[in-house]
Amino acid sequence: MLTRRDVLQRAGTATALATTASWWLVRRAHAARDKKLTVWNPAALAPQVDKIMQEQCYAYLKQAGIKESEIDYSVIGGPQLLPKLVASLEAGNPPDITRLGSGYVQLYRSQGHLLEVTDIVDKMQKAQGGLFPISLGTVLHQGKAYGVPQSVSPWPLVTRMDILEAAKVDPPKTWDEFIEVCKKLQKPPRLTGFGPCLGLESDTDNNVMNMMWCYGGKLVEADNKTVVLHSKGTIAAVQLIADMFNKHKIIPKGSIAWDNTGNNKAYQSRQVIFVLNPTSIYAHLADSDKELYNVTGLLPIPAGPAGAIEEITTAEWLLFKHNPYPEVAKGLAEYWMAPENLRVMIEEGDGRWGPPYTGMYDSEFWKRSVFQHWRTMLERGQLFSSPGTTNAASGEVIATHVIARMMHRVLVESWEAEKAVEEAHKKVVEIYARYQEA
Amino acid sequence: MTPSMTTSRRALQTIPGQWGKSKKVTLSMTSSRRMLKGLGNVVLVLMLLWTAIPFYWMIATSLKHDKEIYGYEATLIPQQPTLDNYATVFRETPYLLFMRNSIVVAVSSTVLSMIIACLGAYAIARLNFPGRAFLARSLVFTYLVPTSLLFIPMFALMSALRLTDSLHGLTIAYPGFDVPFCTWLLMGYFKSVPVELEEAALVDGCNRVTALVRVVLPLALPALVVVTFFSFTHAWNEFLYAHVFTSTNSARTVTTGLANFMSQDVFFWGPLMASTIMSALPPVVMFLVLQRWVVQGLTLGGVKG
Amino acid sequence: MRRAGLFITAVMLSAILTSASIQFVYILTNGGPSDRTMIFPVLSYNLALGGAQRLGMGATVSLFFFPVLVVFIIFLTRRMLREKGE
């Protein structure tokens, strides 16, 4: 039986709840951000480097008079970074600074998310001989810089020199020699010859593209419009990998399911002889496995009919716009990239990356015999989209793993190499067409 | 595989009366019956192994050195057991923070779900109002629509309300899948409480709410325990919402926090297993404590048939 | 069999919950070599939050899966409520 008092009571409670709830929600929605700096530093796959970067960040804070509690510094695992970043951009609260590889600068610039940092890049150009053209090209758009170049990493052939020396075999100079060496030295199933990454990951796109260059294949011409994926060179390279996998059996079958750390793990567990990877493996071994570290060589890539060309990937610091304290983020980027600090990070980080300054390669660290081929690699190496530049379209080609899927068609679904290349070519044409206005 | 299936099966076997009732079988052990029982036992043992072996593997891996985990041969028993992995978890990851977040979110969302579910179940079971049948049906419907389809719109909603990357957001999102299930379970149970008791209470001067709290809930205690347990476990184990809605460590729960560290260190399986063992403990402990009521609650109030 | 009703309900319930569970496929194969073990929830997740970042496409994929689920759900709802004596 509802008395008047009951009704009034209930109406009163309901109104009170409704107003409190909406007030609370509105307050939340307009809450000002209290942190002065949000850093999302992707893990470097070499723990000592993560540590150094964090220490340097805190040193910068002290210098800038900011308390540690006023910032949020997170180290984020590789595959987590992108989904988190997408989610945060959608929600309108991206980090202030993060690090991503080539291609993403242009992708996010075209979506309007990035801070312009031409002043920092100009300062960097004046130090230590200036930046490599490859680094500069990645961040510039119509004369303005939208990212801070962080490193250049060639992808050498990481090799078990002890196995080669024990069998008195010379490092292979061509891909045919390479196949022979692998067949001779491998002892399946424990030790397999070649461990390229073949999962649906960016390492695969990079590895396959690298081998394509040696056979004359490429993604797009210098005008960034003409897609030339479908070519004899590409088909030959795809066929080469398929033969290595099926006929010569020098690639472990499990590589199809590897993620970006799969080839690292395989090499570090001593299960493969050769891996195509930037120096994340080498730097990690410095800390974790001195034995293997001492017998690891960084060789130039074997040559194909079109020559030997290494892959170079660059990394950049991306600074996002939705940031009430842009000066703090810019200051941190500058601090990290100041030559003295960079030198510490790279040399005590055991060469995880190469500095983007042309003049920093003359120190004792870089003169070591393991780095003897570094200069050559940096001089002849090129980016994923060469001779085109890295842009939003090439970023999406990597992000959607067009090349990796092409390899899977051949390796998993037994398609003809030509058919798979045609399909991939169509996909790339569609992607590039979509970005033509940008 | 829904939890209700395994426990109800076990329950049916431990309450002999129920099993025998509909089959009208005498209790003499004929050879065919013995064989059937033996077969049943074999199947049970297999299912036990199926569930227990991964758990054992987790424990074993968490006690092994890196070299053994990544070595060529997989070993069943750790050759040189070590507690290093556990130390790594605490030293290099903010594990305690993740634990705290998980506990806060699971407990608050469970409490919230329970309150809403009790009131809702009572209303549907006892009161008569327009749209009652529709509400009951839509409850079950909502429960069956999975989070893996809803996470995108939920995410859009959360971003608009600025509730991402916070424990508040998760606490509000979790009752979304807890409340329908809890309400449905409680609904069935409340119906089994005799109406006369409540009518007596009403005559004695209680209003509906007091009748619920004083008469029905104490009688429905087993069901309440079951519902609390499932709510808590579901919220504790939840991965997708926690992963999509949170970005910084301060809001991450135990399920998503460690996934983040997986590619940080190339050799992280040891610490990951160690943290998984530790994260699995709260629900397991809860179940061991509440076991008696869970089994009872499931069979007497749950799935009828 | 008198227990057939319970069996059918349990199987359908399990089928719905399993077909929509994203964790197992995501962890084990992430859609598998060449998308061979791909299921709708994983596809939706990868499209929405993966490399290409197309939230709209991800939502569309979810919507495509919905009708299949709805048929099962309606059927199952009726069964579950019938058993409750509704």
Do we have residue A:391 as within 21 Å of residue A:314 (Cα to Cα), in the same structural domain as residue A:124 (by TED's automatic domain parsing) and of a type in the set (S, T, N, Q) here?
-> no
Qualifying position, being surrounded by fewer than 24 Cβ atoms within 10 Å (Cβ to Cβ) and either closer than 24 Å to residue A:48 by Cα or modelled with pLDDT of 85 or more (or both), among A:323, A:294 = A:294
Over the range B:56-67, the set of residues modelled with pLDDT of 90 or more, part of a helix (DSSP H, G or I) and surrounded by 13 or more Cβ atoms within 10 Å (Cβ to Cβ) is B:57, B:58, B:59, B:60, B:61, B:62
Which of the residues spanning the range B:120-140 are under 17 Å from residue B:210 (Cβ atoms) and either modelled with pLDDT of 90 or more or in a helix (DSSP H, G or I) (or both)?
-> B:121, B:122, B:123, B:125, B:126
Expected single match for assigned to a helix (DSSP H, G or I), among the charged types (D, E, K, R) and in the same structural domain as residue A:251 (by TED's automatic domain parsing) among A:170, A:162, A:119 is A:162
Taking the range B:156-194 and keeping only residues that are among the hydroxyl-bearing types (Ser, Thr, Tyr), within 14 Å of chain A (Cβ to nearest Cβ) and within 18 Å of the chain's Cα centre (by Cα), one is left with B:171
Residues within the range C:1-23 that are over 13 Å from residue C:79 (Cβ atoms), within 8 Å of another protein chain (Cβ to nearest Cβ) and over 8 Å from the mean Cα position of the chain (by Cα), tallied | 5
Answer yes if at least one residue in the range A:248-269 is touching a helix residue (DSSP H, G or I) at 6+ places or on another chain (Cβ under 8 Å), surrounded by 22 or more Cβ atoms within 10 Å (Cβ to Cβ) and assigned to a strand (DSSP E or B), and no otherwise.
-> no
Could you tell me whether the range B:161-182 includes any residue that is under 28 Å from residue B:225 (Cβ atoms), aliphatic (A, V, I, L, M) and at pLDDT below 85?
-> no
Limited to the range B:114-146, what total is found for residues that are within 24 Å of the chain's Cα centre (by Cα) and within 8 Å of another protein chain (Cβ to nearest Cβ)?
-> 7
Is it fair to say residue B:95 is surrounded by 15 or more Cβ atoms within 10 Å (Cβ to Cβ) and over 30 Å from residue B:246 (Cα atoms)?
-> no
Selection from the range A:96-112 of residues that are more than 21 Å from residue A:325 (Cβ to Cβ) and part of a loop (DSSP other than H, G, I, E, B) | A:102, A:103, A:111
Can you name the residue in the range B:204-222 that is of a type outside the set (Lys, Arg) and either within 13 Å of another protein chain (Cβ to nearest Cβ) or outside any helix (DSSP H, G or I) (or both) and, of all such residues, is surrounded by the most Cβ atoms within 10 Å (Cβ to Cβ)?
-> B:220
Which residue, of A:385, A:394, is in contact (Cβ under 8 Å) with a residue 12 or more places away in the chain, under 23 Å from the mean Cα position of the chain (by Cα) and in a loop (DSSP other than H, G, I, E, B)?
-> A:385
State which residue pairs qualify: first residue outside the structural domain of residue A:150 (by TED's automatic domain parsing) and inside the range A:343-366, second residue part of a helix (DSSP H, G or I) in any location, beta carbons under 8 Å apart, and separation of 6 or more residues or different chains.
-> none
So, of the residues in the range A:74-98 that are farther than 15 Å from residue B:165 by Cα and surrounded by fewer than 23 Cβ atoms within 10 Å (Cβ to Cβ), which turns out to be modelled with the highest pLDDT?
-> A:75
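Being within 30 Å of residue A:89 (Cβ to Cβ), in a helix (DSSP H, G or I) and modelled with pLDDT of 80 or more narrows it down to one residue among C:11, C:68, C:61; which is it?
C:61 is the lone residue from the list that is within 30 Å of residue A:89 (Cβ to Cβ), in a helix (DSSP H, G or I) and modelled with pLDDT of 80 or more.
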Can you give me the number of residues within the range A:33-58 that are more than 8 Å from every other protein chain (Cβ to nearest Cβ) and in contact (Cβ under 8 Å) with a residue 60 or more places away in the chain?
-> 12
State whether one or more residues within the range C:36-44 are away from chain A (no Cβ under 14 Å), β-branched (Val, Ile, Thr) and either in contact with a helix residue (DSSP H, G or I) (Cβ under 7 Å, 6 or more places away or on another chain) or closer than 21 Å to residue B:144 by Cβ (or both).
-> yes
What tally of residues in the range B:137-163 results from selecting those that are touching a residue at least 60 places away in the same chain (Cβ under 8 Å) and under 13 Å from residue C:55 (Cα atoms)?
-> 3
Would you check if there is a residue in the range B:260-268 being assigned to a helix (DSSP H, G or I), over 16 Å from residue B:120 (Cα atoms), at pLDDT 80 or above and not β-branched (Val, Ile, Thr)?
-> no
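The values are calculated or read from the model by the stated rules, or taken from the named source; none is laboratory data. This is a predicted model, so every value here is computed, not measured. When we count neighbours, we look across all protein chains shown, and the Cβ atoms used for this are built from the backbone with ideal geometry, even at glycine.
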